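The values are calculated or read from the model by the stated rules, or taken from the named source; none is laboratory data. Please read all numbers here as calculations on a predicted model, not as lab measurements. Don't worry about glycine lacking a Cβ; one is built from the backbone with ideal geometry, like all the others, and counts go over all protein chains shown.
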Amino acid sequence: MKKLDDTAILLRFKNGDTSAFQEIVLAYQDSIFNLCAYMIGDPVNAEDVAQDVFLKAYQNLKAFKPNASIYTWLYRIAINTCIDYKRKVSFESVFKHQQHDEDIIANEPSGDPSPESIYGSKQTAAALKKALGKLSRKLKSVIVMKEIEGLSYEEIADTLEISIGTVKSRISRAREELKELMKGFNL
Amino acid sequence: MRCSKAKKLFSPYIDTALTKAEEELFDAHIRDCNECRSRLEEMKVMHNAFCSMERLNAPYGFTTRVMANINEKRTKRWSLFPVLGMVIEASVVVLVIMIGTRAGSFLGTAFTGQTTNISSSLSLDTFEAVQPNSIGGAYLAMMEGNNEK
């Protein structure tokens, strides 16, 4: 991920240069899209959520104070937007009798894996995606940022505005829960 | 090192966040404890599965759509102003009508005497008969004559 000179880009934006925001979108679009896709467990709707993230960022960028970097600030907006989206979807699914998390899993290879392929990467990845969908929002946020986005403990702590100790314990709990959930999926 | 302590170090071990001393103690425990070794192996499998997960990039034209979306929202915000002007205009008209009505009723109560005169002039009690030598009297006499015929 290409990181930008936050101070310079903010100054340009505050002076009315809209191309400055376009540069922000170009630099972070892939990371934000990837994060949204794994957070909501639905790559099809991830674009709408990621669009919403950048729209919120645009509306609030003038008020942004550079005590954090733009990308951790964007991750924070993305995590909150994904949580809101999931709430909305689960609220709607109450009426539609649908389990959204399991929609994308349906596309994964199914059937009982043989003992030889028990740790086969495809099956493991499918079970992992499924397990990820069952994880609580708090644990999912930290594990996605750590394992999928490759953020450091410090960056996750900055993004979620929690202590590094909390980040470490949440990551550890997330791994333990994922391991147990994956066992439940016969892997 | 006890298993309970080792269990807490699985996650930072995978993230290579242990100190050199912690790592040496952990490695020594893992060499001797089959149960912890097997659990660590499961964690590593999961970590590798994460690493092998596909990295999804934003679809083609994403930035263009974001900027178009922003411009559309900005245009919509500005287009609210004519509507706002119309609402203000209508409010002023309603306000003027209300002030007029209030002022009218105030003037009516301020000149109560005149109001009484107007109402009494409309009353049948103050009806005066038409004089026979007036134009009205002649007209009435002619009409009565026609009716008798």
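Values for this structure:
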{"read-out": "Helices (runs of 4 or more DSSP H) fully within region A:126-187 counting 3 or more residues that are at pLDDT 90 or above, hydrophobic (A, V, I, L, M, F, W, C) and within 21 Å of A:Y85 (Cα to Cα)", "value": "A:137-143"}
{"read-out": "1 or more residues under 57 Å from the mean Cα position of the chain (by Cα), among the polar types (S, T, N, Q) and within 10 Å of chain A (Cβ to nearest Cβ): qualifying helices (runs of 4 or more DSSP H) within region B:1-68", "value": "B:3-14, B:34-52"}
{"read-out": "Where A:P66 falls short, out of the listed (1) at positive phi; (2) touching an Asp or Glu at 6+ places or on another chain (Cβ under 7 Å); (3) not aliphatic (A, V, I, L, M)", "value": "(1)"}
{"read-out": "Cβ-Cβ under 7 Å pairs, at least 6 apart or on other chains, region A:151-164 side more than 11 Å from A:R76 (Cα to Cα), far side in a helix (DSSP H, G or I) and of a type in the set (A, V, I, L, M)", "value": "A:L151/A:M145; A:Y153/A:I164; A:Y153/A:V167; A:E154/A:I164; A:S163/A:A157; A:I164/A:A157"}
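Residues are listed down the side, and each one gets a yes or a no for (1) more than 15 Å from the chain's Cα centre (by Cα); (2) facing chain B (nearest Cβ under 10 Å); (3) of a type outside the set (S, T, N, Q):
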{"site": "A:T124", "(1), (2), (3)": "yes, yes, no"}
{"site": "A:K134", "(1), (2), (3)": "no, no, yes"}
{"site": "A:S141", "(1), (2), (3)": "no, no, no"}
{"site": "A:E149", "(1), (2), (3)": "no, yes, yes"}
{"site": "A:I156", "(1), (2), (3)": "no, no, yes"}
{"site": "A:T159", "(1), (2), (3)": "no, no, no"}
{"site": "A:K168", "(1), (2), (3)": "yes, yes, yes"}
{"site": "A:E176", "(1), (2), (3)": "yes, yes, yes"}
{"site": "A:G184", "(1), (2), (3)": "yes, no, yes"}
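One line per residue, one yes/no per condition, for (1) in contact with a strand residue (DSSP E or B) (Cβ under 7 Å, 6 or more places away or on another chain); (2) within 24 Å of A:E154 (Cα to Cα); (3) within 11 Å of chain B (Cβ to nearest Cβ); (4) modelled with pLDDT under 85:
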site: A:G16; (1), (2), (3), (4): no, no, no, yes
site: A:S31; (1), (2), (3), (4): no, yes, yes, no
site: A:N34; (1), (2), (3), (4): no, yes, yes, no
site: A:I40; (1), (2), (3), (4): no, yes, no, no
site: A:F54; (1), (2), (3), (4): no, yes, yes, no
site: A:A63; (1), (2), (3), (4): no, yes, no, yes
site: A:A78; (1), (2), (3), (4): no, yes, no, no
